[in-house]
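A.B. asks: Got a structure for you, questions after.
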Amino acid sequence: MSEEKLNSKQLLAKLQAEYMDDLYKAHERGQKIAWVNGLFPQEFLEAMDIQVAYPENLAATLGAKKGVTPYLDACEALGYSSDLCSYTRLGLGYQESFQSDISNIPRPDIILNCTNICGLCVKWFENTAKRLQIPYILIDTPFQPEYDATENDIDYIVGQFKDMIRQLEEFCGRPFDYEKFSRVMKTSRRVAKAWKRATDYVQNMPSPMDGFNMFNYMILAVCCRGKESTADYYDLIAEEMEELLQKGESQFKGNQRHRIMWEGIAVWPYLGQNYKTMKANDMIMIGSFYPAEWCVDYEQDDIRSIARAYANRPPIGSLQRQIDVRCDIMKCTNCDGALYHVNRSCKILSFMQPAVRKAVYEKNHKPYVTFDGDQTDPGGFSPAQFETRVQALRENLEAAAKE
Amino acid sequence: MEKSEIIREMQHAVAHIRETVHEKKQEGKKVIGCAPIFVPEELVIASGAFPVGIWGGQKVSLSGSQEYFPPFACSVVQSITELSMKGTYDDVDAIMLTSLCDTLKCMSQTIQLSAPKLQPIFIKHPQNYRLECAVEYMVKELNRVKEELEEVTGNKITEESLKQAIELCNRDRRALLRFKKLLAEKPGILTNHERHDVIKSRLYMDRERHAQLMEELNEKLEEEPVPAFDGIRLYVCGVMMEPVELLDILDEFGFAIVGDELVQESRQFRYMVPEGLSQVERLARQIQQIRGEAFLYDPKKERDDVIAEECKDVRADAVLFSLMKFCDTDEYDYPWVRDAVQAMGLPILNLEIEQIMQSFEGARTRLQAYAEQIKSRAAARQTS
C-alpha cells in the first residue's frame, strides 16, 4: 500500500520531529552537536556530520508559545541587564537548565557564530562558550559601508573558512570530508532556490500565500538548510501555492485590500494578535526580507562564492543597501504600505531604520507606520499601540488611494 | 613647568576643543575626527593632520538625534549625532569611524546624513584578529585608509613619517602607562578629575606636546612624596567616566582611582605598536597583542581575568563598573567581571550611567553608600 501524500503542514511536523530526533540521538550515533546562529555557513558542519541546533530558533519558538518568561528571569538573576536582546537573555537563561516543557535543544559540544546578521551574537556565544566550557569558532563577515562585501572582505572570510576547517578536523578527530561538503553545497543551493520560489508566490495579486505563514515555513530554511527533504518541503509548498493560484484561492481568508511590508523580526509572543489586527484592517502581510535573507545561493564548489553569499546578507550592508532592499521588496510584492517594527532587541535592524523609512518613503511614497515591540520579550510590546498604529496605517492607505 | 601648570594646560585642551580645532584650521592643517573605539591615529599624525577625539559631549540635551536613533541607543552615539547635527564638527575635514559594535555600525551610516559635509573614513577591524589572514586584511584596510587620508590632506604618508608617528605615539603611551602606575603607587596625589583630564587630553592636543607634558608631569610626580591616604583604592571598568561630576563625587567620598580599563582611557594606550616588516604592518599587528578586549572576539572571554589581574597589581580595595546604559558589550560582560572580582574578595558596584545624564543625586547616593559599606567592611576586618 503506498503511503498517502502528506500536505505541507503534515510534512513540516514530520520533518521537525525528525530533526529533533536527529539532534537528541546525535551523541548515541557518535556525532557532535553544535550551536550556531541563524545564517551560519552550516555546509561546513554538515560535511563533518555535526548536528546543528539554533538557539535563536528556540527563542522564537518559545516566544511564540509563551514560554520565555522563566528564562528571561533566570538570565536577569545572573546579573544580565534586561536591556539586552531577548533572544540572548532567553539563551543565557535556558542554558542554566536546558529544560522547557515546550521545546528544547540539546547541550552543545561546540558553538559557532557568523557575524552576518548580528554583532552582539559574538558576545552572547562568548558567554555561552565560557559558561559551558566549550570551544567557540567565529566567522567574521565585516560590516560593509561600501554597499556590499569587498574582495578584501572575501579574502579574509576565505582565510577564516580554512582555519575553521582545521579547527573542525581537530575537534572531530578526522579529516574534512570535501566530497560530502560538495554534496551539501548542492543540496543547500537547491533549498535556497526552492525557498525563494515558494515564498515568491506572495508577489501574486491576490496572493495565494498568507505572508504570516512564512514565519512558520522558514524554520527548516533556518535549521535544515543542508537537507534534501527541506527542498522537497519547499517544492511542496510551491505546488500548493500554484494550485491555489490556479483556483484563484488563497490561504489568507481575509480581504487583501492592502498589501503590507512587515519590516523586521516578528513579534513572536503576539503573532496571533498581530495577524488578527492586520486582517481586521483588510491587510495581508506579503513583503518581508525573509525570502531574500534565507536564499543563500552561490556557485557550486566555489569557496569565494560561498564567502560572498554569506557575507552579503542584508543586515550588514550599508544604509543605501538597506534602503534598496526595502524598496525592492515593496516593488516586487506590490506593497501599498509598510509596518516597521522598532525592535527593542535588535539594534542592527532598528538603528538604521529611521533613515531607511524616510528614504524608502521618499522613493515610493507608500504610507507607513512604526510600532514598538520586541521579538521575544512579551513586556516589550503593547497590543493597544499596535492596533492604533495599524488603524492609522489603514486610514493613510485609504487616503492615499483616494488621491 | 610646575605640576599645576602642566595639568592646567591639559585641562585647557580638554575644555577648549573647538578653539583648538579652529586654530589648527587657521594654521592650514587638516583636522581628522577619531570616533570610538580604536582608530589608527598614527596615520593621521603621519599625514600632517591633527587628530581630534570624537567622543560625544557631556550632559548634551538630545532633540535632533531622535530623528536617527530610538531612545534605546547608547548616549555616546546619541550625543555624537546630536552634536554633528548642530554643526559642532563643521571644522573637521573627515571622521574615522569604526564598526566594533552594532550601534557604531549604524552610526557610521547615519552620520553621513546628520553631518553630510563630514567625509567618512571607515576603519574595518577584523574580529578574528588572531589569524594571519586578519593581519593581511588589516594591512589592506589600513593602506586604503592611508590613501584616503592622503587625499584629504594632500600629503603623502611615507614609511619614515609613519615610523616617526608610531614612535611618538608609543612614547606617549609609555608615559601614560608610567603615569597610571605612579597614581597607583601614590593614591591621592591627583584628584580623579585631574587624572581623567591628563589622560583624556591626549585626544585633543598635539601628540608631541602631550608626550612632553606627560614626561614632565611624571618627573614631578616621582619627586613628590607618597601622600597620606586613608581612602579607597578604586579600579574602574566600562566605557568612560563621564560626565565628570561622577569623578568629583568619587573624590568627595574618598575614592582614588588606582587603575582602570575604560575604553576612553587605558584601553586607548595599553598596547604598544610592535615591530614589523613595514610601518602599516606594525599598525595591523597591534591588535594581535590585545587580550580580553570586550569589543573583539574573545573565545576564552578573558576580560574578567585581565581585570582581576590588574586589580591585584594595583592593590585595589574596590571596583566600580561604570556601565554606559544600552552598551550591550558591557552588559554582556558585567556578570563575569562581578564574579571574578568577588572571587578575589573585592566589592563591586554596578553603576549605570549615561553621558547625557543631567542629575547626579542618584549616583551620589549610591557611591556614598558604597564608600560607607567598604569602610565599614574594612573596620570590621581590622577589629576581627
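A.B. asks: Filter the stretch A:375-403 down to the residues that are touching a His at 6+ places or on another chain (Cβ under 9 Å) and either part of a loop (DSSP other than H, G, I, E, B) or under 30 Å from residue A:91 (Cβ atoms) (or both) and list them by number.
C.D. replies: The answer is A:375, and nothing else.
A.B. asks: Does the stretch A:334-344 contain any residue that is in a helix (DSSP H, G or I), assigned by TED's automatic domain parsing to the domain that holds residue A:286 and surrounded by 19 or more Cβ atoms within 10 Å (Cβ to Cβ)?
C.D. replies: Restricting attention to the stretch A:334-344, the residues satisfying the condition of being in a helix (DSSP H, G or I) are none.
Checked the stretch A:334-344: no residue is in a helix (DSSP H, G or I), assigned by TED's automatic domain parsing to the domain that holds residue A:286 and surrounded by 19 or more Cβ atoms within 10 Å (Cβ to Cβ).
A.B. asks: When you go through (1) of a type in the set (Val, Ile, Thr); (2) within 14 Å of another protein chain (Cβ to nearest Cβ); (3) surrounded by 19 or more Cβ atoms within 10 Å (Cβ to Cβ) one by one for residue A:165, which number turns out not to apply?
C.D. replies: Here residue A:165 meets the rest and fails (3).
A.B. asks: Shifting gears a bit: Check the stretch A:93-102 and report whether any residue there is away from chain B (no Cβ under 14 Å), part of a helix (DSSP H, G or I) and acidic (Asp, Glu).
C.D. replies: Initial filter on the stretch A:93-102 (away from chain B (no Cβ under 14 Å)): A:94, A:97-102.
This time we only want the ones that are part of a helix (DSSP H, G or I), so: A:94.
Still in the list and also acidic (Asp, Glu): none.
Checked the stretch A:93-102: no residue is away from chain B (no Cβ under 14 Å), part of a helix (DSSP H, G or I) and acidic (Asp, Glu).
A.B. asks: Within the stretch A:270-329, count every residue that is assigned to a loop (DSSP other than H, G, I, E, B), under 26 Å from residue A:237 (Cβ atoms) and touching a His at 6+ places or on another chain (Cβ under 8 Å).
C.D. replies: 1
A.B. asks: Could you figure out which of (1) of a type in the set (A, V, I, L, M); (2) out of contact with any Ser or Thr (no Cβ under 8 Å at 6 or more places or on another chain); (3) away from chain A (no Cβ under 13 Å) isn't true of residue B:121?
C.D. replies: (3)
A.B. asks: Here's another thing I want to ask about it. Which residue out of B:30, B:3, B:105 is without any contact (Cβ under 8 Å) to a residue 40 or more places away in the chain and basic (Lys, Arg)? Give the steps one after another, and end with the answer.
C.D. replies: Values: B:30 fails: without any contact (Cβ under 8 Å) to a residue 40 or more places away in the chain; B:3 fails: without any contact (Cβ under 8 Å) to a residue 40 or more places away in the chain.
Residue meeting the stated conditions: B:105.
A.B. asks: Within the bounds of the stretch A:232-246, is there any residue that is touching an Asp or Glu at 6+ places or on another chain (Cβ under 6 Å), buried (at least 23 other Cβ atoms within 10 Å of the Cβ) and at pLDDT 95 or above?
C.D. replies: Step one: filter the stretch A:232-246 for residues touching an Asp or Glu at 6+ places or on another chain (Cβ under 6 Å), giving none.
The answer is no; no qualifying residue exists.
A.B. asks: Turning to a different aspect of this structure: Of the residues A:248, A:173, A:254, A:264, only one is more than 18 Å from residue A:12 (Cα to Cα) and assigned by TED's automatic domain parsing to the domain that holds residue A:63; which?
C.D. replies: A:173
A.B. asks: Also, I was wondering about something else. Which pairs turn up if I take residues in the stretch B:214-240 that are small (Gly, Ala, Ser) and look for partners that are at pLDDT 95 or above and part of a helix (DSSP H, G or I) with beta carbon separation below 7 Å, at least 6 apart in sequence or on another chain?
C.D. replies: Cβ pairs passing all conditions: B:238/B:330.
A.B. asks: Right, something else. Specify which of the listed residues (A:202, A:184) is closer than 28 Å to residue A:30 by Cβ, crowded, with 18+ Cβ neighbours inside 10 Å and either at pLDDT 95 or above or in the same structural domain as residue A:53 (by TED's automatic domain parsing) (or both). Let's see the steps before the verdict.
C.D. replies: Working: A:202 fails: closer than 28 Å to residue A:30 by Cβ.
Just a single option satisfies the conditions, and that option is A:184.
A.B. asks: Another question, then. Tell me the residue from B:331, B:293, B:309 that is out of contact with any helix residue (DSSP H, G or I) (no Cβ under 8 Å at 6 or more places or on another chain) and surrounded by 20 or more Cβ atoms within 10 Å (Cβ to Cβ), please. Break it down into steps so the answer makes sense when it comes.
C.D. replies: Numbers: B:293 fails: out of contact with any helix residue (DSSP H, G or I) (no Cβ under 8 Å at 6 or more places or on another chain); B:309 fails: surrounded by 20 or more Cβ atoms within 10 Å (Cβ to Cβ).
When all the criteria are applied, what remains is B:331.
A.B. asks: (1) within 14 Å of chain B (Cβ to nearest Cβ); (2) surrounded by 19 or more Cβ atoms within 10 Å (Cβ to Cβ); (3) under 19 Å from residue A:35 (Cβ atoms): which one isn't true of residue A:159, the others all being true?
C.D. replies: Condition not satisfied by residue A:159: (3).
A.B. asks: Under 22 Å from residue A:83 (Cα atoms), part of a strand (DSSP E or B), touching a residue at least 40 places away in the same chain (Cβ under 8 Å) and more than 8 Å from chain A (Cβ to nearest Cβ), is that true of residue B:320? First the steps, then the outcome.
C.D. replies: Working: under 22 Å from residue A:83 (Cα atoms): yes; part of a strand (DSSP E or B): yes; touching a residue at least 40 places away in the same chain (Cβ under 8 Å): yes; more than 8 Å from chain A (Cβ to nearest Cβ): yes.
Here the answer is yes, as residue B:320 does meet what is asked.
A.B. asks: Considering only residues that are in a helix (DSSP H, G or I), out of contact with any helix residue (DSSP H, G or I) (no Cβ under 6 Å at 6 or more places or on another chain) and surrounded by fewer than 20 Cβ atoms within 10 Å (Cβ to Cβ), which ones fall in the stretch B:249-281? Before the answer, list the steps.
C.D. replies: Keep residues of the stretch B:249-281 that are in a helix (DSSP H, G or I), which gives B:249-252, B:266-268, B:279-281.
Add one more test, that the residue is out of contact with any helix residue (DSSP H, G or I) (no Cβ under 6 Å at 6 or more places or on another chain), and what stays is B:252, B:266-268.
B:252, B:266, B:267 - these are the residues of the stretch B:249-281 that are in a helix (DSSP H, G or I), out of contact with any helix residue (DSSP H, G or I) (no Cβ under 6 Å at 6 or more places or on another chain) and surrounded by fewer than 20 Cβ atoms within 10 Å (Cβ to Cβ).
A.B. asks: When residue A:109 is evaluated against the numbered criteria (1) of a type in the set (D, E, K, R); (2) within 12 Å of chain B (Cβ to nearest Cβ); (3) surrounded by fewer than 21 Cβ atoms within 10 Å (Cβ to Cβ), which criterion, by number, is the only one it fails?
C.D. replies: It is condition (2) that residue A:109 fails.
A.B. asks: What tally of residues in the stretch B:72-113 results from selecting those that are part of a loop (DSSP other than H, G, I, E, B) and at the interface with chain A (Cβ under 10 Å from one of its Cβ atoms)? Outline the logic, then answer.
C.D. replies: At the first step, the residues of the stretch B:72-113 found to be part of a loop (DSSP other than H, G, I, E, B) are B:72-74, B:86-93, B:99-101.
Now drop any that are not at the interface with chain A (Cβ under 10 Å from one of its Cβ atoms), which leaves B:72-74, B:99-101.
Residues flagged as part of a loop (DSSP other than H, G, I, E, B) and at the interface with chain A (Cβ under 10 Å from one of its Cβ atoms) within the stretch B:72-113 amount to 6.
A.B. asks: Moving on to the next point. Any idea how many residues of the stretch B:109-125 are touching a residue at least 40 places away in the same chain (Cβ under 8 Å) and of a type outside the set (A, V, I, L, M)?
C.D. replies: 3
A.B. asks: Ok, one more. Scanning for something touching a residue at least 24 places away in the same chain (Cβ under 8 Å) and in a strand (DSSP E or B), does the stretch A:348-360 turn up at least one residue?
C.D. replies: Scanning the stretch A:348-360 turns up no residue that is touching a residue at least 24 places away in the same chain (Cβ under 8 Å) and in a strand (DSSP E or B).
A.B. asks: Would it be correct to say that residue B:337 is within 28 Å of residue B:102 (Cα to Cα) and within 18 Å of the chain's Cα centre (by Cα)?
C.D. replies: Values: within 28 Å of residue B:102 (Cα to Cα): yes; within 18 Å of the chain's Cα centre (by Cα): no.
No.
A.B. asks: Follow-up. Which of the residues that make up the stretch A:133-152 are buried (at least 19 other Cβ atoms within 10 Å of the Cβ) and either acidic (Asp, Glu) or within 7 Å of chain B (Cβ to nearest Cβ) (or both)?
C.D. replies: Across the stretch A:133-152, the qualifying residues are A:136, A:138, A:140, A:142, A:143, A:145, A:152.
A.B. asks: Do we have any residue at all in the stretch A:228-245 that's of a type in the set (Ser, Thr, Tyr), assigned to a loop (DSSP other than H, G, I, E, B) and within 26 Å of residue A:290 (Cβ to Cβ)?
C.D. replies: Here is the first cut: in the stretch A:228-245, the residues of a type in the set (Ser, Thr, Tyr) are A:229-230, A:233-234.
From what's left, assigned to a loop (DSSP other than H, G, I, E, B): none.
Looking for residues that are of a type in the set (Ser, Thr, Tyr), assigned to a loop (DSSP other than H, G, I, E, B) and within 26 Å of residue A:290 (Cβ to Cβ), one finds none in the stretch A:228-245, hence no.
A.B. asks: Kindly indicate which of B:183, B:168 is in a helix (DSSP H, G or I) and closer than 20 Å to residue B:274 by Cβ.
C.D. replies: On the way: B:183 fails: closer than 20 Å to residue B:274 by Cβ.
Residue meeting the stated conditions: B:168.
A.B. asks: Could you list, in sequence order, all residues of the stretch A:311-357 that are in contact with a Phe, Trp or Tyr (Cβ under 8 Å, 6 or more places away or on another chain), over 19 Å from residue A:285 (Cα atoms) and more than 11 Å from chain B (Cβ to nearest Cβ)?
C.D. replies: A:314
A.B. asks: Could you list, in sequence order, the residues of the stretch A:54-81 that are assigned to a loop (DSSP other than H, G, I, E, B), touching a residue at least 24 places away in the same chain (Cβ under 8 Å) and over 15 Å from the mean Cα position of the chain (by Cα)? Walk me through how you get there before you give the answer.
C.D. replies: As a first pass, look at the stretch A:54-81 and keep what is assigned to a loop (DSSP other than H, G, I, E, B): A:54, A:65-68, A:78-81.
Still in the running and touching a residue at least 24 places away in the same chain (Cβ under 8 Å): A:54, A:65-68.
If the condition is that a residue be assigned to a loop (DSSP other than H, G, I, E, B), touching a residue at least 24 places away in the same chain (Cβ under 8 Å) and over 15 Å from the mean Cα position of the chain (by Cα), then A:65, A:66, A:67, A:68 are the ones that fit.
A.B. asks: Now for a different question. From the residues in the stretch B:287-310 that are modelled with pLDDT under 95 and outside any loop (DSSP other than H, G, I, E, B), which one is nearest to the other protein chains (Cβ to nearest Cβ)?
C.D. replies: Across the stretch B:287-310, the extreme among qualifying residues is B:287.
A.B. asks: Here's something else I'd like to know. Looking for something part of a helix (DSSP H, G or I) and either surrounded by 14 or more Cβ atoms within 10 Å (Cβ to Cβ) or of a type outside the set (Val, Ile, Thr) (or both) - is there at least one such residue anywhere in the stretch A:25-40? Talk me through it step by step, then tell me what you get.
C.D. replies: Filtering the stretch A:25-40 for residues part of a helix (DSSP H, G or I) gives none.
There is no residue in the stretch A:25-40 that is part of a helix (DSSP H, G or I) and either surrounded by 14 or more Cβ atoms within 10 Å (Cβ to Cβ) or of a type outside the set (Val, Ile, Thr) (or both).
A.B. asks: I need the full set of residues from the stretch B:124-159 which are of a type outside the set (Val, Ile, Thr), farther than 18 Å from residue A:145 by Cβ and more than 8 Å from chain A (Cβ to nearest Cβ), in order please.
C.D. replies: Those that are of a type outside the set (Val, Ile, Thr), farther than 18 Å from residue A:145 by Cβ and more than 8 Å from chain A (Cβ to nearest Cβ): B:129, B:130, B:150, B:154, B:155, B:156, B:159.
The values are calculated or read from the model by the stated rules, or taken from the named source; none is laboratory data. Since we're looking at a predicted model, the values are computed, not measured. Note that we place each Cβ from the backbone using ideal geometry, even for glycine, and neighbour counts take in every protein chain shown.
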